[in-house]
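The values are calculated or read from the model by the stated rules, or taken from the named source; none is laboratory data. Owing to the predicted nature of the structure, the values given are computational and were not obtained by experimental measurement. Methodologically, a virtual Cβ is constructed for each residue, glycine included, from the backbone with ideal geometry; neighbour enumeration extends over all protein chains shown. Only protein heavy atoms, including side chains, enter the accessible area calculation; ligands, DNA and RNA are left aside. Shrake-Rupley method; radii C 1.70, N 1.55, O 1.52, S 1.80 Å.
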Amino acid sequence: MKRGYIIGTHRVTLYVLYHFLLALVLLLATQAIFAIVNHGLFDVASAQEIGTILLGNMHYGISGTCMFLAPFVILYSLPLRARWRRGYTIAGRWLFGIPTGVMLAVNMIDVPYYQWTLRRMAGDIFGYVGANFDGGMSDLLGEFVTGFWYYFLIYFAFIFIMVWTLRRIALTPVPDGRRQPSTWLSALTGVLMLALTLTGIRGGWIVQHKPLAPIDACRYARSSNTALVVNTPFSIVRTLGNTTAVKRLNYFDTDEEAEQIFSPIHSGQGNTPRQLNVVLVILESFSEEYIGAINGGLVSYTPFLDSLAQYCQIYQGRANGKRSIESLPALMLGIPSLMDEPYITSSFSLNKTQSLPGILKRHGYESAFFHGAYNGSMNFDGFAKMIGIDHYYGMTEYGDPKDFDGTWGIFDEPFLQYSVRKMGEMREPFFATVYTISSHHPYTIPPPYKGRFRKGPQPIQEPVGYSDYAVQKFFEAASRMPWYQNTLFVITADHSAQPVDTRYKAPSGMYNVPMWLFHPGDDATRSDQLFQHADLLPTLLDYLQLSDSCCAFGRSALRDGTSFHIAYPGDYYQLTRKGELITFNGTRFEVFDLESDPLAQHDIANQKESDPVTTENKQFLKALVQQYNNRIIDNRLTPDAPQASTAR
């Protein structure tokens with residue numbers, strides 16, 4: 001049967017335009033799917049915001065489409081008569097189809113992936129995947145495909161629509177009686193198409209000062225809703241190879257002035273060191289929401305942690321990031337990832353730092369890191385070596401394949417028992433980090449435990465129960481060890497996971513994790529003060545009564561002062577301090593009163609313009625960010641680093 005065309009034109013400009021509109025419509029369709037699937041993670045307050053979000057989608061959609069179709073536009077901007085030939089058409093279809101397919105693919109992948117990171121993928125995703133491909137990531141990608149197969153069906157449906165439509169758009173011969181465009185006119189038209197494409201890529205006229213950036217999404221939506229505006233293809237391309245992700249800042253005239261408001265240098269105050277062992281337990285994806293002892297009456301999936309809580313010093317725990325790879329620098333170095341790329345994979349990862357295990361080594365501590373995943377996973381083994389940890393134990397060192405979960409590494413229960421045995425071989429005092437993995441996607445638990453643990457509305461809850469049981473067996477084994485009574489246990493999570501309750505979907509709850517200190521024999525306490533990952537380094541130095549100073553972008557929870565939490569959700573900073581949640585994108589503030597607006601839904605920046613607490617918090621945030629950026633750039637991340645004036 002003869003194939004009919006939907007539309008044919010002899011004008012090259014219209015032919016290119018039809019292709020552009022096809023790609024744009026398909027991209028916007030994937031944006032709609034993203035919004036529908038993830039609608040529970042956002043709070044769009046009004047019809048007006050819906051309207052501006054739609055406008056922003058069009059703006060970023062046009063820019064992203066222009067980026068990916070630039071090769072196609074260049075091909076048809078050449079003033080060649082061959083553009084009407086079949087071979088040229090085939091080449092054009094490939095130059096259109098492949099970039100458009102990639103563009104739709106990354107946007108569809110982010111539909112489920114966003115639920116873990118709560119931020120659009122950026123250019124650092126390639127370094128993240130590449131660094132972990134031999135460390136379980138290849139298997140995990142396979143699980144991702146099988147676990148979310150229905151999104152791939154939707155994707156291939158879009159590809160079918162694209163191919164079907166593409167084959168029905170034709171560049172027809174110039175009608176009889178009409179002259180073929182001259183070469184100079186074709187060249188002029190080509191230049192115009194290229195200029196318009198460049199304008200689209202920049203997100204505005206070529207003469208505008210700066211091209212469109214992810215951060216500009218705040219013009220269309222509140223900071224917590226900007227992921228509804230930006231598309232992933234745009235985000236990846238715009239941040240790919242971004243070597244200026246950390247820029248020198250001058251909110252204050254000098255760094256010394258900023259340091260008067262916030263200083264990351266913490267002077268040691270101890271004089272009688274406590275020779276305690278320290279065991280840091282990092283629970284994979286253990287949101288506060290899952291733990292009955294601290295979730296305010298919600299369903300609990302952690303009976304052991306709930307029982308242990310009555311013996312712990314419990315703080316209002318906060319992670320500084322949303323990805324596992326962002327947790328260790330904050331916990332071990334006091335350096336949160338306040339930039340687009342995780343600190344571990346950034347160009348600053350080789351900066352001179354002073355780490356928790358490095359400081360403890362000076363006091364005679366032996367150190368070890370236990371992570372049951374593939375060796376090389378998230379570069380944890382290399383990072384452990386870099387910060388001075390003596391021994392790394394991963395899946396390779398464990399050595400028994402029968403306990404392999406099939407994707408990620410060794411199941412938590414046997415690996416934690418292995419960890420206890422290895423700790424028994426270490427000399428005291430020792431510092432050990434234990435990092436669980438079984439509550440990570442694809443949420444596999446050993447077959448004998450199927451149906452034993454409480455299930456919830458999401459697949460993560462059952463393996464959380466299994467990991468809680470594994471931690472129980474870990475503590476039972478540790479309690480029989482001679483070193484147990486002389487050990488401080490720190491219990492936290494690397495980050496929160498997919499939220500269910502509204503409180504944990506809000507910006508004010510999306511980083512909530514446990515942060516507990518447990519030392520057998522110590523009194524149990526509960527504190528209302530915030531305790532973020534970046535606070536751990538100075539807090540432990542004080543707890544152990546060490547005289548060492550450190551550089552950390554947090555504070556000691558054991559000293560007087562105002563607690564706070566800092567994070568970088570993506571393209572903006574978020575500070576929680578003195579009852580307010582403040583966001584800052586470099587130019588514009590949003591202010592939320594957490595006492596009257598605990599879900600941070602109503603921006604009252606205008607009403608708080610002259611409020612002294614708000615003014616103080618704004619200055620504090622700018623000072624912290626300036627100290628962070630400028631110290632990282634100048635490699636001044638140790639307490640003995642030269643002052644800014646002499647470092648530059």
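What to note about this one:
- The lysines within cross-link reach of K402, meaning a Cα-to-Cα straight distance under 25 Å and a gap of 8 or more places when in the same chain, are K422, K450, K473.
- With only the Cα atoms considered, the chain has a convex hull volume of 180 Å³ per residue.
- Convex hull projection area averaged over all views, the range 507-547, Cα basis, nm²: 3.8
- In the chain, the DSSP beta bridges split such that about 45 percent are antiparallel, to the nearest 5.
- Highest to lowest packing among 298-306, 488-496, 448-456, scored as the average C-beta count within 10 Å: 488-496, 298-306, 448-456
- Cut-off under 5 Å, modelled amide H: who pairs with S563 long-range: L530
- For the range 241-342, convex hull volume per residue from C-alpha positions, Å³: 188
- Three semi-axes of the equivalent ellipsoid, the range 1-78, Cα gyration tensor, whole Å, largest first: 32, 16, 11
- Cα convex hull of the range 269-425 - mean projected area over all directions, nm²: 11.7
- Ordering of 60-73, 582-595 by packing is 60-73, 582-595, highest average first (other Cβ atoms within 10 Å, averaged per residue).
- Ellipticity estimate at 222 nm from DSSP helix runs (n ≥ 4, -39,500 (n - 2.57)) divided over the chain, nearest 500: -12500 deg cm²/dmol
- Prolate/oblate/rounded label for the range 415-558 (Cα gyration tensor, a/c 1.5): oblate
- Taking Lys and Arg as +1 and Asp and Glu as -1, the other residues whose beta-carbon sits under 15 Å from that of V73 total +4.
- Summed side-chain charge close to T614 - residues other than T614 whose Cβ falls under 15 Å, Lys, Arg +1, Asp, Glu -1: -3
- Highest mean packing comes first when the peptides 274-285, 321-332 are listed by Cβ atoms within 10 Å, giving 321-332, 274-285.
- The range 442-493, relative contact order [Cα under 8 Å, separation at least 6], %: 24
- One Cα centroid belongs to the range 254-315, the other to the range 63-96; the line between them spans 56 Å.
- Taking all pairs of distinct alpha-carbon atoms in the range 270-313, Kirkwood radius in angstrom: 12.5
- Reachable lysines from K352, criterion Cα separation under 26 angstrom, eight or more residues apart if same chain: K247, K322, K361, K385, K622
- Average Cα contact separation per residue, the chain, under 8 Å, 6 or more apart, as relative contact order %: 20
- For the range 164-304, the solvent-accessible area of protein heavy atoms averages 49 Å² per residue (probe radius 1.4 Å; ligands and nucleic acids excluded).
- Its Cα centre serving as origin, the chain has a Cβ charge dipole (Lys and Arg +1, Asp and Glu -1) of approximately 3400 debye.
- Rounded to whole Hz, the Karplus (6.51, -1.76, 1.60) HN-Hα couplings of the range 365-374, x for glycine and proline: 7, 8, 10, 8, 10, 10, 9, x, 7, 3
- C-alpha center-to-center spacing [the range 580-606, the range 493-525] in angstrom: 22
- Relative contact order %, the range 533-596, counting alpha carbon pairs below 8 Å whose residues are six or more apart: 19
- With all pairs of different C-alpha atoms in the average, the Kirkwood value for the hydrodynamic radius of the range 467-548 is 15.2 Å.
- For G317, the shell of other residues with beta-carbons less than 13 Å away shows a net charge of -3, using +1 for Lys and Arg and -1 for Asp and Glu.
- Principal axis box of the range 581-648, alpha-carbon based, largest edge first, Å: 44, 22, 19
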